[in-house]
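First comes the structure, then the notes that go with it.
The values are calculated or read from the model by the stated rules, or taken from the named source; none is laboratory data. Not measured: the values here are computed from a predicted model. Cβ placement follows ideal geometry from the backbone for every residue including glycine, while neighbour counts extend to all protein chains displayed.
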Amino acid sequence: MKNLLVVGVGPHARRTHLPALAAGQSAGLVGTVSGVDVAGATDVWVPYDADDGPRSLPLTLIQPFDSRVPALPDTVRRTLDAVVDRRGIDAVVVSTEPGYHMVYTRWALERGLSVLLDKPLSVHTDASVDPARAGAILTDVDDILARYRQAKERHPKLMVSVQCQRRYHPAFWRMRQLIAEIADDTDCPVTSVQSFHSDGQWRMPDELVDLSYHGFDQGYGKAAHSGYHFFDIVPWLLAAGERGGKHLDAVTVHAQVTRPGDVLAQLGIADHERLFPGFAARNPYTPDELRAATHGFGEVDAFISMAYKSGGHTMTLGSVNLVHNGFSQRGNLTPAAGLYKGNGRVRQETHIIQQGPFQAIHFHSLQTLGDAGPSPDPHALGRESHVEVHVFRNNRFRPTWTDHTRLDYTALTTAWKTDVAVPTQQSSRRRATHEFLEYLNGRLTREQMLSELTTHRRAATLMAGAYLSMAKQWAGASPETTLDFRTAPAPTPSSLAGQVPAEATL
C-alpha cells in the first residue's frame, strides 16, 4: 500500500480527494494519508467526511510564500522533505490554489514522487491583464513536460495524472465513440462544437473584494476555476475524429469577458440594497471604492471562440462559454460556510457537436438542486444527477443508422473494469483517483491511464490562448491569438478497449 501526501486541504480536497483516498485505504490501495497547508489556512487536524463516517487528517503547516517563485523556498522544501522521509511518502496529491500547482509538481518530480495534479496545470497572477503572464501558462506546461520526461528516465514508474473527471464520465466516453464511428465510416472530422457551463456563483458586491476563494482578485477567474475541464474535454473529443491529413495543427482563439466592474454595472449596490434589505448595513464600500478595488480583477464570465485548423484550413469551429454569473439557487444574504460549493451553485452544462452532414450530438446536464418538484425519477430534468445525450444521424444517407437515439442516466450507466460507472461528476472524480491509486500499486500500465500529463498540452494551449486574448484586449491590442496545436497522437478508440466500454453502433 502506498502512502500519500495531500498538498492543500481546502474545501475541494475535503470534498473530493480525502474521501477518495479514504476509500482507497478501505480497498487496500492506500496506507497513510498526510496533509500540508499554509499556516493560518486551517488547524493541525482537518476533519472530513468519508464513506464510512467522519475522519480527520494530520496536517503539517508551512509558511505562506509567493506563487511566482520558480522553486519552493528552502524552509518549505526542508519541511516537505522531512514529511516525505518521516512518513515514507510514495505520491503526492497537489490540490492547492492553481498558481502553486507547478512549483509543487516540480518539487515532487525532483523527489521522484508520482503526482495526482488538480486542474488547471498552471495559471499566473494577472494572467487576464498581462500578456506575459498569460503566455507563461504554456511555457510552464512545456517546462513541466520536459522535467517529467527527465524524471521518468531516473524513475521509470513515475506517473503524473491530471484530475480531469470528464475523461472518466460514461457520457463523454460514449460521445467519443460515436464521433470515432462516423469518422471511421465517412472520414469526416468534428466540424463544430459548442460548449457551455454555468455554475451560479452569485457574489454580492462586497464579496467580490472580500471573498478570495474561487474569486477574481488574483487577476484570473472562471477560465481558471472550472474552464480547464472544457479546454481539456473538447480536444479529447475532437481527437476521436482526426484522420489522415485532417489532424489539427493550429488554433485561433478570441475571448470576450465580463469582469467585476461589468457585473457591478449589471447589478450594483443600489440594486442589492433593494433586493436584500440587510445589505446596506453590511456593505462597507461605496460604488467608487468597489470600482477602484476590483480594477484589474479576473474574468467572471468568458465567451471564447476557437477556429481549429489543419494545413491552413479551418476544420472545426468551436466555442467554450463559461459563466459564473448565471442561474443560481442562492437566496441568502450571508454567504454559506461552504462558499463556492455551498453558496447556491447550480451546474448547467451543454455540448453540441456537429460532424458535417452525418451526425449531431447534444449533451445536457441541467440541475436545479432538486427544486423541480416531486418526481418518481431521481435523474429527471433538474435533478442533481440529470444527464442525457441525444444522438442524431443522417439515415437518409445511411439507412442502417438510427435517426435519433436518447441516452439517459440508465443507458449511460455501464461497466467500468470490475465496477459500475454511473454518469455523475462526483463518481467520475472518484474513478480518476482510483485509477491513479491502481497504477501506484502496479495494477495498471502507463498505457491504460486516461489522463497522463503528456496528453494535456492541447488543453494548456487553449487555456493560454484564452488568457492571451483577454490580456491583449485589456492592453488595447487585437484580442485574437493563434497558437500551435500539434501534439502527440491521442489514444485511438481501439487502444482504449478494455477501459472505455464497448457499445453497439447506433
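Before moving on, here are some points about what is shown:
- Residue in segment 140-150 that is at positive phi and not aromatic (F, W, Y) present: no
- Single residue of segment 70-96 satisfying the filter (modelled with pLDDT of 90 or more and part of a loop (DSSP other than H, G, I, E, B)) that is surrounded by the fewest Cβ atoms within 10 Å (Cβ to Cβ): G88
- When the criteria are applied in full, P170 fails the requirement of being within 21 Å of Q425 (Cβ to Cβ) and either among the hydrophobic types (A, V, I, L, M, F, W, C) or in contact with a Gly (Cβ under 9 Å, 6 or more places away or on another chain) (or both).
- Residue count for segment 120-160, restricted to those that are outside any helix (DSSP H, G or I), surrounded by fewer than 24 Cβ atoms within 10 Å (Cβ to Cβ) and either in contact with a helix residue (DSSP H, G or I) (Cβ under 8 Å, 6 or more places away or on another chain) or at pLDDT below 95 (or both): 6.
- Members of segment 294-340 that are crowded, with 16+ Cβ neighbours inside 10 Å, at pLDDT below 90 and farther than 28 Å from R458 by Cβ: P335, L339
- Where a residue in segment 58-75 is farther than 21 Å from R14 by Cα and its partner, wherever it lies, is of a type in the set (A, V, I, L, M, F, W, C) and assigned to a loop (DSSP other than H, G, I, E, B), with Cβ under 7 Å and at least six apart: P73/F65
- F65 meets the conditions (1) within 19 Å of Y213 (Cα to Cα); (2) out of contact with any Pro (no Cβ under 6 Å at 6 or more places or on another chain); (3) surrounded by fewer than 19 Cβ atoms within 10 Å (Cβ to Cβ) in every case but one. The failed one is (2).
- Of everything listed in (1) without any contact (Cβ under 8 Å) to a residue 40 or more places away in the chain; (2) of a type outside the set (V, I, T); (3) surrounded by 18 or more Cβ atoms within 10 Å (Cβ to Cβ), the single unmet condition for D49 is (3).
- The residue of segment 463-506 that is surrounded by the fewest Cβ atoms within 10 Å (Cβ to Cβ), among those that are modelled with pLDDT of 95 or more, over 22 Å from S226 (Cβ atoms) and aliphatic (A, V, I, L, M), is A475.
- Helices (runs of 4 or more DSSP H) fully within segment 206-299 counting 2 or more residues that are closer than 30 Å to A136 by Cα and among the aromatic types (F, W, Y): 227-238
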